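Following: one structure in structure tokens, then a few remarks.
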Number of protein chains: 2
Amino acid sequence: MLTTLPEEKLDPRVKRTRQLVEQAFTQLIREKEFQSISVQDISERAEINRATFYAHFPDKYALLDYKIRQEFRAEIEKRTLNACHFSEDNLRALILTVCEFIGEANSHCKSPHGQFGPIVEAQVKEQIRDLLMTWLAQVESNVPSEILATAASWAIYGLAQYWNDQKDRVPVNEYVERILPLAIANLQLSRA
Amino acid sequence: MLTTLPEEKLDPRVKRTRQLVEQAFTQLIREKEFQSISVQDISERAEINRATFYAHFPDKYALLDYKIRQEFRAEIEKRTLNACHFSEDNLRALILTVCEFIGEANSHCKSPHGQFGPIVEAQVKEQIRDLLMTWLAQVESNVPSEILATAASWAIYGLAQYWNDQKDRVPVNEYVERILPLAIANLQLSRA
DNA sequence: CTTTTTCTGTTGGATAAGCGACAAAGGAGC
DNA sequence: GCTCCTTTGTCGCTTATCCAACAGAAAAAG
């Protein structure tokens with residue numbers, strides 16, 4: 001689910017430890033390379049037991065996934081418009097968010113041999129897809145919304161990454177305007 | 001004990017909740033009157049269960065005691081010299097600390113009908129006594145150190161409060177110098 | 001005054017977190 | 001190759017915290 005109700009009667013204890021783990025990880029990630037961060041490091045920094053970490057996350061990669069999802073979601077919620085309807089403006093904002101998020105991820109989290117990229121990609125695409133699904137739920141079409149959302153999420157992420165990899169970049173806004181019609185067309189295929 | 005070893009292999013959970021309770025109380029005490037602060041208020045603010053509060057403190061008065069002790073101890077540790085030996089300089093610093101602490105307590109914690117005073121008095125006197133006991137432990141005398149420390153703690157606190165209640169106060173340092181010989185004499189009675 | 005509401009301590013049972021200890025896997029140095 | 005050391009998941013068992021409920025005290029409302 002994309003809709004965030006961060007506090008709906010959650011056990012205070014799990015709320016606490018999640019928070020502690022998160023902020024410990026946030027601290028460590030800007031000190032060390034992700035690879036060299038151990039679960040023990042996180043547990044010690046968070047002042048929780050190591051076993052407790054595993055009660056919340058299967059491993060440190062799951063925590064990374066969670067962190068990425070959370071931050072991307074925060075961007076979505078900040079700028080606009082999660083859990084609202086499909087519109088040209090919303091789609092534009094979404095694409096813009098993706099472009100900038102990838103840029104941030106590349107610059108801030110300097111991964112040595114780019115093991116970071118695939119993880120970010122998977123999580124962000126998932127988020128995009130979920131969001132598009134909620135938008136399309138209110139629209140009639142003879143193509144299943146999963147199909148449309150999947151295609152569009154891949155396309156949007158691919159285009160955003162393509163832009164980020166360029167040496168001489170067109171301004172973001174200009175680029176977004178250029179690919180926006182394509183994205184719209186993708187989502188409105190075979191409209192009823 | 002006055003000697004503080006705040007973290008010696010204490011269960012992380014109790015460390016956490018103590019900290020949460022403390023900072024919740026600290027926040028509330030500068031918003032509300034102590035009387036109008038309920039255990040529920042503290043628990044909610046600290047995001048712990050109310051029953052958990054009672055697992056740590058018998059009631060809110062015990063928490064207040066604890067807070068006062070802790071802050072006075074912090075003053076002692078900051079300025080100087082806990083767990084060290086008896087000397088004129090140390091005693092002077094101690095008396096000065098007491099004078100200023102009472103002043104702070106009176107001004108900052110404006111209690112409506114002075115129910116605060118007796119609590120502060122009890123806790124601070126206890127702390128003074130403990131500290132003097134450790135000092136006297138290294139000194140020979142034919143009078144039990146409990147007796148000497150008790151008398152001196154009452155005398156010092158009484159004189160500090162007396163000074164605070166005056167309308168036209170002599171400068172602190174001057175006042176301290178005046179009563180210092182008296183305190184010294186008290187502690188060195190019947191020296192071996 | 002009576003009624004209603006809030007707060008207080010306390011209890012029993014459920015659950016999360018803590019604390020070792022363990023075998024296994026990986027890395028560093030020899 | 002071989003140690004030595006660290007990290008990793010995982011497992012019982014203990015302990016702290018949670019939660020809902022309770023009766024009684026205190027405060028507010030009527």
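One table, with the values for the structure above:
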| item | result |
| --- | --- |
| Principal axes of the protein assembly as shown: Cα extent on each, largest first, Å | 103, 46, 39 |
| Pairwise centroid distance, computed over Cα atoms, of segment B:164-189 with segment B:54-72, Å | 30 Å |
| Cα-Cα separations in chain A greater than 30 Å, expressed as whole percent | 29 percent |
| Of A:K15/A:K67; B:K125/B:K167; A:K15/B:K67; A:K9/A:K125, pairs whose Cα-Cα distance is over 20 Å | B:K125/B:K167; A:K15/B:K67; A:K9/A:K125 |
| Amide H contacts under 5 Å for B:S141, placed H, 5+ residues apart | B:A192 |
| Chain B: DSSP helices with Cα axial extent of at least 24 Å and average Kyte-Doolittle hydropathy no lower than 0.0 | B:88-108, B:116-136, B:145-165 |
| Kirkwood-based Rg to Rh ratio, segment A:34-148, C-alpha trace | 1.06 |
| Residue of chain A whose Cβ sits closest to the axis mapping A onto B, with distance in whole Å | A:R16, 3 |
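Just so you know, all these numbers are worked out from the coordinates, no wet-lab data involved. Given the structure is predicted, the values throughout are model-derived calculations rather than measurements. Ideal geometry is used to build each Cβ from the backbone, glycine not excepted, and the neighbour counts take in all protein chains shown.
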